[in-house]
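Only one structure is covered here, and it is reproduced in the block below.
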Amino acid sequence: MSRILGILVGMSESVPSRGAPARRPSISIVDHIVVDDEGRALTEPLREDIRLLGGILGEVVREHSGDDVFELVESARKAAFAVRRNEIDRDELAAKFVDLDVDVAIPIIRAFSHFALLANLAEDIHRERRRAIHVRAGDPPQKSSLAATYRQLAEAGLDDAEVGRALADAAVVPVITAHPTETRRRTVFEAQNRITELMRFRERTELTPDEEAKVAESIRRQIITLWQTALIRLERLTIQDEIRSGLRYYDASFFEVVPEINTSVRKALRSAYPRAGLAEEPMIRMGSWIGGDRDGNPYVTPEVVTLATTLAAQTAVRHHLDELENLAQELSMSARLITAVEPLLELAGAGPEDAGADEPFRLALRHIRARLVATADEMFDEGFLSSNDLLLIDGEEPYAGAGELLADLDVVDAALRANNDGLIADDRLLALREAVRTFGFHLSGLDMRQNSDMHEEVVAELLAWAGVHPDYASLDEPDRVEILTAELQARRPLTRPDAELSELATKELGIVRAAARAVATFGPEAVPNYIISMCTSVSDMLEALILLKEAGIYDPGPAGENSPRCTVRVVPLFETIEDLQQGAATMAAVLDVPFYRALVESQNGMQEIMLGYSDSNKDGGYMAANWALYRAELDLVEMAAKAGIRLRLFHGRGGTVGRGGGPSYDAILAQPPGAVQGSLRITEQGEIIAAKYAEPVVARRNLETLLAATIESSLLDVEGLGEESESAYEVMDDIAAKARAAYSRLVHQTPGFVEYFTTSTPLSEIGALNIGSRPASRKQTEKISDLRAIPWVLSWTQSRVMLPGWYGTGSAFEEWVGDDESRLETLRRYYERWPFFRSVMSNMAQVLAKSDMSLAHRYAQLVPDEELRDKVFGMIVDEHERTIEMYAKITGTDDLLHDNAALKRSVYNRFPYLEPLNLLQVELLRRFRAGEDTPLVRRGIQLTMNGLATALRNSG
């Protein structure tokens, strides 16, 4: 393991093996990745870091697992690179693992998994290194940075009024979700962060040889800890675990980074556009689904909602309490040396002659902290506050809300500035003021989500119990809307506390009532949205309001006044391609309902709509889904303009391209005109959460990227099509239809496809990987439509097919272009000018670069039905080659990663290390399915999944 990098060139083998499909791919995807001498030179520091970390890992493996294991690891490493150089057949490497004792296989899997984790770390540091080099050289700010955005705005010559209109209610909300293909345990997470800090220290400090040795020793200590720490859990994560895991990112990065960015953006924009009237409200706020998303998750209960909102609030309040204590220590100014202004003395509760007022800032801050302690004592159960905290209360009045705390902190700020201490005010105090403004007492908004089918069932039961209608489910849509509208304009509830209801109805009502209690305790920001999965109609939206009404969150207002109020927004989620196509019509219809329109007006005229990337992709394939989303946004923007409302889109993107993933900056700029409007919500899922937000440097960069793209999309013309837009839309309508047809021929129309999928991938084994609390399917079924998007994508990713990120696109392009060179030129023009099309092509190329049909061929051999295996795998290989060919024709290059240097480095330098993980996974799956169902075999399979997910970085 000490010589951790080799040179990766050449083609994979084309020698057939017994029982294989007749047709076997002969070209490695690495042939479509070009790294020149300059690229190698730029990455030499990265390779040095990987050599250091890999060398230490190799020594640790030898010392703690023995020479035999080390030699097997080193032999597998060399053979993996030899395969890529076409020096040996892949069968020769695979043969090393045939019938290998599983207790020997496991440390090999662990070694390559740990290497992947350390290589990720080195790549992140190298990206920091490259950015610092550009900054020190005085280069123009890099694309996707806020500095670059400010420069573009200045060049555009925007006036203050334009900026003020576009950013009036600006909000960028990353929403942390409980879809944890991220399998790292907290211990691993923390050790990785410590290694990152040590590597940064080594990079930025002029070290003596002795100091260098001490840093290496400290890194070694952490790697030993990692090696002796179990990578996977023996027990499945509970939803309570997921809640706590999501909250760890606040101390890790969000408390430091989010207030800082909010402050700097406000300052920069106000300086450039002083008459824009930009609000004090923070642009970045945080959201969460963890504990509120019960769509297909039976483990979300009223108690879980209470736990999620309470732990979030405790995290925020504890941060504020700690910072107040730190401030009281820092602001030691004496009244003998400064002027103690009257408001500060009033806040401190002391007169100018009071001996205790010699340190008025400390006195004022201790008073503020005492009031916050009293607030916490009122909000939380016994155990949150220490005995020392409780001593502070002594009759102090609790804060009614975070706004009152902020007002007191503003007094302290003004007093510092009155003494010419602005520099001090702009440090910890400013960060705390911004944190209170951003996180309040609630920390983040917990969204509720449920499937529309569940709403229908519960509402039908409530209406029958109340005697409104005995069989609501039998009604057609107009009759449903009539009944629901009448109920939503009447103040009487449908049930009473002692009503005997079904288990489902009792649970659903309990959940919304728990949300109502959270709103009452922590403020309306605690639960801001109610999302309706599989929303297809007006009644789907009104049914959710019925539940909110029963909980007391929705209030119709006095009879006859049409003045409904609801602190929670009802948000439809359009997921399938058909639902996306009908989304604008659905929204126009619900806005035609007078009371609902009045409700939107009461919510600042804002309607939020969520777009589902995962199910639309599973439904119609990559290109069809992406275009359906774009078209839906165009239609929704037009609908909102006609209705005179403001639109906010919530993008349900996953980590992978097959679930809407890819670079966030490019994805946001690829939205159609008018789709952003200064406001954006976006889900952050799985291993992407740790990759983006595990520590402050990386978190700052990623949050800046979201803000930069949102501001640019709101203020600049980024579509670039001009008068060609309508014709381009018609072209994409045609291409998307062809892509969907090609995808459907495989996924929905090929007999036996489900059998091929379940047997050629580790789908069934994914259920045993303790990575999340929710089941793999919404219900017991073998239908693709009922399978959750995460296991669908994760399975194809593990087997290196990556099908959700490309299948059907090559056929669509080939069929649309035909022999017409002018059509090919049209697509080339779109690639050059249209951010949407370029983003779709770039993301697809990233997926193709991570795919490997030769490795996928190994997984295909797990399919028992040889005829089915040959047919389906042959279709996949044909489409794969066709897609790469059409990509090259359109873009003018067969280098799949010509526009993504970072991923190119990753694929080129370390993808050979995935070979042993994939080959061992296939070997262990073969044994498991042959009846070798032992704990060690199961654990080995789970470890390969963990390692591949880590190495691929966005796997589910």
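Quick notes
- Structure-based [θ]222 nm, the chain - -39500 (n - 2.57) summed over DSSP H runs of at least 4, per residue, nearest 500: -19000 deg cm²/dmol
- Added length on full extension, which subtracts the Cα-Cα distance from 0.36 nm per residue, Arg165 to Thr758: 208.3 nm
- Formal net charge of residues neighbouring Arg127 (Cβ-Cβ distance under 11 Å; K, R +1; D, E -1): +2
- Contour minus Cα-Cα distance for Glu197 and Leu337 (0.36 nm per residue): 46.4 nm
- For Tyr807, the residues whose amide H sits under 5 Å from its own are Tyr622, ignoring neighbours fewer than 5 places away on the same chain, with H placed 1.01 Å from N.
- Using the Cβ-Cβ distance between Lys889 and Lys783 with R0 = 35 Å, the FRET efficiency computed as 1/(1 + (r/R0)^6) comes to roughly 0.45.
- With the biggest extent put first, the Cα atoms of the chain measure 90, 78, 59 Å across the principal axes.
- Fully extended contour minus Cα-Cα distance, from Ala520 to Leu391, at 0.36 nm per residue: 43.8 nm
- Cα centroid separation - segment 324-339 against segment 881-949, whole Å: 58
- Considering only the chain, percent of DSSP beta bridges that pair antiparallel, nearest 5: 10
- Separation in nanometres of the label points that stand 7 Å from Cα toward Cβ, at Ser271 and Arg417: 1.6
- Computed from the C-beta positions of Asp358 and Glu378, the FRET efficiency with R₀ = 22 Å rounds to 0.10.
- In terms of overall dimensions, segment 123-264 has a Cα radius of gyration and Dmax of 20.8, 60 angstrom.
- Calculated log₁₀ intensity ratio I(q)/I(0) where the Debye formula runs over C-alpha points of segment 722-899, q = 0.08, 0.15, 0.19 Å⁻¹: -0.28, -0.91, -1.26
- Taking a straight line from the alpha carbon of Lys738, these lysines sit under 19 Å away, with near neighbours fewer than eight places off in the same chain left out: Lys618, Lys889.
- For segment 521-535 versus segment 730-747, the inter-centroid distance based on Cα atoms is 36 Å.
- Length-normalised contact order of the chain in % [C-alpha pairs under 8 Å, at least 6 apart]: 18
- Placing a label point 7 Å from the Cα of Leu936 along the Cα-to-Cβ direction, the residues of segment 58-72 whose backbone N falls under 18 Å of that point are 65-72.
- Likely footprinting exposure, Asp169, Asp447, Asp619, fewest C-beta neighbours within 10 Å first: Asp169, Asp619, Asp447
- Two-site FRET efficiency, Arg833 against Glu256, from Cβ-Cβ distance with R₀ of 30 Å, rounded to 0.05: 0.15
- Three-way shape call for segment 803-934 based on the alpha-carbon gyration tensor, with the a/c threshold at 1.5: oblate
- Cα shape, segment 448-646, gyration tensor, a/c 1.5 rule: prolate
- Working from Cα pairs under 8 Å separated by at least six residues, relative contact order for segment 722-899 is 28 percent.
- The trypsin sites (Lys or Arg not before Pro) found in segment 217-305 that occupy coil by DSSP, while having at most 14 further C-beta atoms within 10 Å, are Arg233, Arg236, Arg275.
- Residue (of Thr809, Asn843, Thr893) at the positive-pole extreme of segment 722-899, dipole from beta-carbon charges: Asn843
- Remark: Tyr299, Tyr554 ranked as Tyr299, Tyr554, counting other beta-carbon atoms within 10 Å and listing the fewest first.
- Distance (nanometres) between label positions extended 7 Å along Cα→Cβ at Thr750 and Ala585: 3.3
- Here is the list for segment 246-306: GluC sites (Glu not before Pro) lying in DSSP coil, each with at most 12 other C-beta atoms within 10 angstrom of its C-beta, are Glu280.
- For segment 312-439, Kirkwood radius (reciprocal of mean inverse C-alpha pair distance, Å): 14.8
- Each of Trp465 and Ala559 was given a label point 7 Å from its Cα along the Cα-to-Cβ line. The distance between the two points is 2.4 nm.
- Spatial separation of Cα centroids for segment 240-289 and segment 457-477, in angstrom: 44
- Sequence-separation-based contact order of segment 546-659, relative, with Cα cut under 8 Å and 6+ spacing, percent: 29
No lab work stands behind these numbers, since they all come straight from the coordinates. Values in this document were obtained by computation on a predicted structure and should not be read as measured data. Positions of Cβ are generated from backbone atoms using ideal geometry, with glycine treated the same way; all protein chains shown enter the neighbour counts.
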